[in-house]
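Chemist: The following block contains the structure, expressed as structure tokens.
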Amino acid sequence: MPEPSRQAQLLSSSVFRRQACDKLGPECRLFRAPGRVNLIGEHTDYNQGLVMPVAINRYTYAGAVPARAGEIHLESREFEDIYTAKLEMLQPEKGWGNYLLGMAAGLQQRGYKLRGTRLYVQSEIPFGAGLSSSAALEISSGLAMLGIAQTWPHQGMDMVWAAHFAEHHFVGALTGIMDQFIATFGRKEHALMLDCRSLEWEPVPLPAECELVICNTGVRHALAASAYNQRRHECQLGVEHFQRRLPEVQSLRDVTWNDFLRWQTDLPDAVMRRCRHIISENRRVEEARRAFQQHDLSRLSELFSASHRSLRDDYEVSCPELDAMVEAAAQAPGFIAGRMTGGGFGGCTVNLVYRAQVSRFIASVSAAYRSQMNHIPEIWAVESADGGGELALVNDQELLIRAAT
Ligand code: GLA
């Protein structure tokens, strides 16, 4: 994600409506998509594995009006660049516009007929913090383009694959589908456990006494995108290795723990550790689902910690700031479970915290992190949320009138 010229700030949808109407006129329609935290199942999505994200009540908003036929026009509060492109000749450009241009191209490729659209986007999800600001940008603008083209209802999975197309072919990030999926299908008070191979999913209710608390290190590593693609490549090398022994293997998802133990010996060390993370992480997601079902919070705590250690030592996508934040949280009052969340190389940790102790938790983590890293972190208690959709003013209240799915 390119550097925004302004910081994301917390908005209310009515404030955004006012700003979007100032830009686009009173006929402007309003769409949004949420950010997410991933509870467990990190870097497993592009290995056809299991993930367990939650949509959160931090949104990207897209205001939209019809524009000249065949033209798409993009503006944002956070970025200076403005884009105008022809829908029939969409190509990657430089900068943030690629998320939206790629989304338009992806939707058209899936057979959706778009119309000329003018879009104005604004986000309260910090960019590059591992909270899936990119997918929220893609899904909110995709919904807006479909809304203007009057092609609603549509298939939720088409949104997901169109956004995946944007990442791979316009942005150049070889991501999986977790972020786009949760921005589209998210469900309040639930995590979604998604099987990225079969695409089957199920809602996992969040324990009522737990609050989600996000701690932002504020660190963004410049090489995160290339390191991400490198991890993906190393996983592919692992697949080829196991395929030579077990021809039925298509992805690391097909390698059992016993297969791994038996055939890992002559793998290069780094590739062996990448595979060990993915194969063990899938098992942890299954176990976490059971722990949620059985309300076994101490097991959840162990699983989150094991996931963090595996990401730190085997997958090597953590960093000293994330490790310090995880350690600070583990000592804080009210702590249940915590780990880094998202792609890594900076960004945020996710924590399950007893609701009654959230303020004490925040104060304690903030002080401990500050004394160790000499930086005051941003820490937010967030709510789980539904996936994206269109908002409308009903009796002076912004309501989700049409959900993405
Ligand atoms: C990023 C990608 C996702 C996923 C996570 C790591 O958020 O967009 O597809 O791979 O990293 O779990």
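Chemist: Under the condition of being away from the ligand (no atom under 11 Å from the Cβ) and within 13 Å of the chain's Cα centre (by Cα), which residue from segment 40-55 is surrounded by the fewest Cβ atoms within 10 Å (Cβ to Cβ)?
Modeler: Among residues in segment 40-55 that are away from the ligand (no atom under 11 Å from the Cβ) and within 13 Å of the chain's Cα centre (by Cα), the one surrounded by the fewest Cβ atoms within 10 Å (Cβ to Cβ) is Val54.
Chemist: With respect to Ala367, is the statement that it is more than 25 Å from Tyr59 (Cα to Cα), assigned to a helix (DSSP H, G or I) and in contact with a Gly (Cβ under 8 Å, 6 or more places away or on another chain) true?
Modeler: no
Chemist: Is it the case that Val121 is among the β-branched types (Val, Ile, Thr) and within 13 Å of the ligand (Cβ to nearest atom)?
Modeler: Working: among the β-branched types (Val, Ile, Thr): yes; within 13 Å of the ligand (Cβ to nearest atom): no.
The answer is no for Val121.
Chemist: Same structure, new question: Could you please let me know if Ala162 is under 23 Å from Arg402 (Cβ atoms), in contact with a strand residue (DSSP E or B) (Cβ under 7 Å, 6 or more places away or on another chain) and within 16 Å of the ligand (Cβ to nearest atom)?
Modeler: So Ala162 does not fit the description; no.
Chemist: Does Glu211 count as over 17 Å from the mean Cα position of the chain (by Cα), of a type in the set (Asp, Glu) and either more than 24 Å from Gly338 (Cβ to Cβ) or not in a helix (DSSP H, G or I) (or both)?
Modeler: Working: over 17 Å from the mean Cα position of the chain (by Cα): yes; of a type in the set (Asp, Glu): yes; either more than 24 Å from Gly338 (Cβ to Cβ) or not in a helix (DSSP H, G or I) (or both): yes.
Taking the combined requirement at face value, the residue satisfies it.
Chemist: Return the pair list, or none, for Cβ contacts closer than 7 Å from residues in segment 230-248 that are of a type in the set (A, V, I, L, M) to residues that are surrounded by 13 or more Cβ atoms within 10 Å (Cβ to Cβ) and part of a helix (DSSP H, G or I), at least 6 apart or on different chains.
Modeler: Leu237/Val271; Val239/Leu252; Leu246/Asp259
Chemist: Separate question: So if I check each of Ile182, Ile177, which one is within 16 Å of the ligand (Cβ to nearest atom) and in contact with a Cys (Cβ under 8 Å, 6 or more places away or on another chain)?
Modeler: Working: Ile182 fails: in contact with a Cys (Cβ under 8 Å, 6 or more places away or on another chain).
Sole residue among the options that is within 16 Å of the ligand (Cβ to nearest atom) and in contact with a Cys (Cβ under 8 Å, 6 or more places away or on another chain): Ile177.
Chemist: Consider Arg58 carefully, then state whether it is charged (D, E, K, R) and either more than 30 Å from Glu200 (Cβ to Cβ) or within 14 Å of the ligand (Cβ to nearest atom) (or both).
Modeler: When the stated conditions are applied, Arg58 does not pass them.
Chemist: Test of understanding: among Ala291, Ala270, Ala227, Ala306, which residue is of a type in the set (A, V, I, L, M) and in contact (Cβ under 8 Å) with a residue 60 or more places away in the chain?
Modeler: Just a single option satisfies the conditions, and that option is Ala227.
Chemist: Now for a separate question. Find the residue count for segment 330-341, including only residues that are over 12 Å from Phe361 (Cα atoms) and touching a Cys at 6+ places or on another chain (Cβ under 7 Å).
Modeler: The total comes to 1.
Chemist: Do we find that Cys348 is within 21 Å of the chain's Cα centre (by Cα) and surrounded by fewer than 24 Cβ atoms within 10 Å (Cβ to Cβ) in this structure? Don't jump to the end; show me each part of the working.
Modeler: Details: within 21 Å of the chain's Cα centre (by Cα): yes; surrounded by fewer than 24 Cβ atoms within 10 Å (Cβ to Cβ): no.
No, not satisfied.
Chemist: Just to confirm my filter: which helices (runs of 4 or more DSSP H) fall fully inside segment 228-332 and include at least 2 residues that are within 23 Å of Gly344 (Cα to Cα)? Before you say what the answer is, go through the steps one by one.
Modeler: On the way: elements: 257-263, 269-293, 297-313, 320-330.
Ranges flagged: 269-293, 297-313, 320-330.
Quick note: the coordinates plus some simple rules give every number you see, no bench work behind them. As the structure is a prediction and not an experimental result, all values here were calculated from the model. Using ideal geometry, Cβ is built from the backbone for each residue, glycine included, and neighbour counts are taken over all protein chains shown.
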